[in-house]
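Let me begin by presenting the structure, written as structure tokens, before commenting on it.
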Amino acid sequence: PADLPDARDRASFTRGGIELYGASNNAEFGSALRLEHASGSFGSRIFAVGRHGSDIHTPDGEIPNTGFGALNGEVALGLRGDKGNGTLRFAHYGGEFKLLEADRPAEDTGNPGEEGGPERKAGDNRLQFGSNLLLGGIRLETKAQWQNHSLIEVADSAGVPGTESDQFNLLLNTYTLDVIAHHGNQPLHGAVGVSGLYQNNDSRGPIPLVPDARTSSGALFAFEEWDRGRWALSGGARVDTRHLENDANADLALPEGSRDDTQGSADLGLVYRLNGGWSLAANAARGWRAPSLFELYSNGPQLSEARFDVGNPNLDPENDLEFDGGVRLHKDRLRVELTGFSSKIENYIFVAPTGGTQVVGADTLDVYAYQQADSRLRGGELWAQIEAAKALTLRARSDYVWGENEQTNQPLPLMPPLRVAGEAELHKSELGWAQQGHVGIEVEHIAEQTRLGPFDVPTDAYTLVHLDAGMSKRLGSHTYDFNLRVRNVGDAAYRSFLSRYKKFADDPGRNIVFSVATGL
């Protein structure tokens, strides 16, 4: 989050802003409100966002049961002084999201005023405290958080719209604490710290996707940077220890158990600056990741993705050795970055379709199982921006990822295909009738993925055109920012290769979004 306002060197003040927006595709609308106050060393902020959307539309028609409603916000209070600062923040995210059903006919829009079908209710509350304290040449940073995360999926009782019954109900409480000592200035500076976590998962409801479980972990880490002349070097190291214990669960046919992991990770990077704005960058890293609770123990339906997930309690931690490098050119009117990477991952964990199905109520779901194999990922990205004229900016980007299961010599599933995009933007700081404005067009092409993993569902290549325009205009005592965005201008029918809905639904069609914002 942004820093709280500071009035130590000025008179007390209160400021704010409001934004309203609407979108055509799913009759979506929403509003954001921000209020800030500062008096001396005290600062505060209240921020709220409300959103509501109806069913998504594609070129072939409406996709039933895809609307949502959400309310998010935060309240933050803080004190700032010459020797330190402290901030207390409460943030909330919550909403209800309708879930598309694979077996439901597209023309079935439910009963008027009462749309049937499953939905997901999500809630996330976070209480955070952060502080900085100057102790001689050391800045001691402390970060603490309690996170309460709820995820509930409900469906119509006995297929009767308007009557709900829980499918699963998960409650996750997470407590984290980080203490970091920052030291030094140029050319050498860095940080040393400790980190701790405790997590408790409570599985409620008739379908226990995962068992009740508790996770605790601790880490010690250090990071240093040295920047001198043409050279910049950085290096870091971290040691983690992690303990996971799960309760027995008869529905999951799972006995009580526990597992412990202690692993290390490290990173070494360098940048060499050449003449003319050129620089070379290289990085080598060793990392690891412990399998999650879902990857280990899940055994239940994911109605929102029309699949039935099966975990693997025998999964080992992933271990990764990665090398990446790049060439950068940064000049006044031209910026180009070309990067590539190669990553060797032992025990790479992935979820993939098995070809089987599982019947849950009225739904027939594809069975997906968590697997692991030694794998290799390679990829690259090109990004460029040029100020072709004072009022014209051109941008281009492209990226690609190649994945291979080295044990079967087959492609990894769900690897993103080649993506290429180009953008042109006209902008002017003084338009006469407005303070500033811009208009832009972007053409995005996504290629067909020809390297398919077992049971992967192929999708066709597609090209989308997007428009964006905006201006700032002073009306009375306020300045208003007007923005208009049009995504998928041609209303093209397409299905993203990474979409979980691709077997039975197109991606959204044309969407026109208009917003207006002003300060208070």
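The values are calculated or read from the model by the stated rules, or taken from the named source; none is laboratory data. Treat the numbers as computed from the prediction; the structure is a model and nothing was measured. All Cβ positions, glycine included, derive from the backbone under ideal geometry; neighbour counts span all protein chains shown. These accessible areas exclude ligands, DNA and RNA; they are computed on the full protein's heavy atoms, side chains included. Shrake-Rupley method; radii C 1.70, N 1.55, O 1.52, S 1.80 Å.
Descriptive notes on the structure:
- Rg/Rh ratio calculated on Cα atoms of region 350-401 (Kirkwood radius): 1.39
- A cut-off under 13 angstrom between Cβ atoms defines the neighbours of L188, and their net charge, with Lys, Arg +1 and Asp, Glu -1, is -2.
- Considering only Cα atoms, the convex hull volume of region 392-520 works out to 140 Å³ per residue.
- For region 275-416, alpha-carbon Rg and Dmax in angstrom: 20.9, 67
- Between the beta carbons of D60 and Q436, assuming R0 = 56 Å, the FRET efficiency works out to 0.90 to the nearest 0.05.
- Gyration tensor over alpha-carbon atoms, region 220-268, equivalent ellipsoid semi-axes in Å: 43, 9, 6
- Three-way shape call for region 1-109 based on the alpha-carbon gyration tensor, with the a/c threshold at 1.5: prolate
- When only Cα pairs below 8 angstrom with a gap of at least 6 residues are kept, region 225-324 shows a relative contact order of 22 percent.
- Calculated mean residue ellipticity, 222 nm, the chain: 0 deg cm²/dmol, from DSSP H runs (n ≥ 4) at -39500 (n - 2.57) each, averaged per residue and rounded to 500.
- Calculated P(r) tail over 18 Å for region 128-277, as whole % of Cα pairs: 72 percent
- Working value for region 44-97: equivalent-ellipsoid semi-axes of 40, 9, 7 Å, each the square root of 5 times a Cα gyration tensor eigenvalue, largest first.
- Extent along principal axes [Cα atoms of region 460-520; Å; largest to smallest]: 53, 20, 13
- Put the Cα centre of region 216-246 next to the Cα centre of region 294-335 and the gap is 20 Å.
- Fraction of accessible area attributable to carbon and sulfur, the chain (%, probe 1.4 Å): 57 percent
- Per residue, in Å², the accessible surface of the chain once ligands and nucleic acids are set aside, probe 1.4 Å: 51 Å²
- Global geometry of region 313-386, whether rounded, prolate or oblate, following the gyration tensor of its Cα atoms and the 1.5 cut on a/c: oblate
- Take the Cα radius of gyration of region 224-330 and divide it by 2.2 N^0.38 Å, N being the number of residues; the result is 1.65.
- Pairs of lysine residues in the chain that meet both criteria, 8 or more places apart or on different chains and Cα atoms under 25 Å apart, total 11.
- Cα centroid of region 429-478 to Cα centroid of region 340-389, whole Å: 25 Å
- Summing Lys and Arg as +1 and Asp and Glu as -1 over all other residues whose Cβ lies under 14 Å from the Cβ of I152 gives a net charge of -3.
- Charged neighbours of R378, selected by a Cβ distance under 11 Å, balance to -1 (K, R count +1; D, E count -1).
- Rg followed by Dmax, in Å, when the chain is reduced to its Cα trace: 25.9, 73
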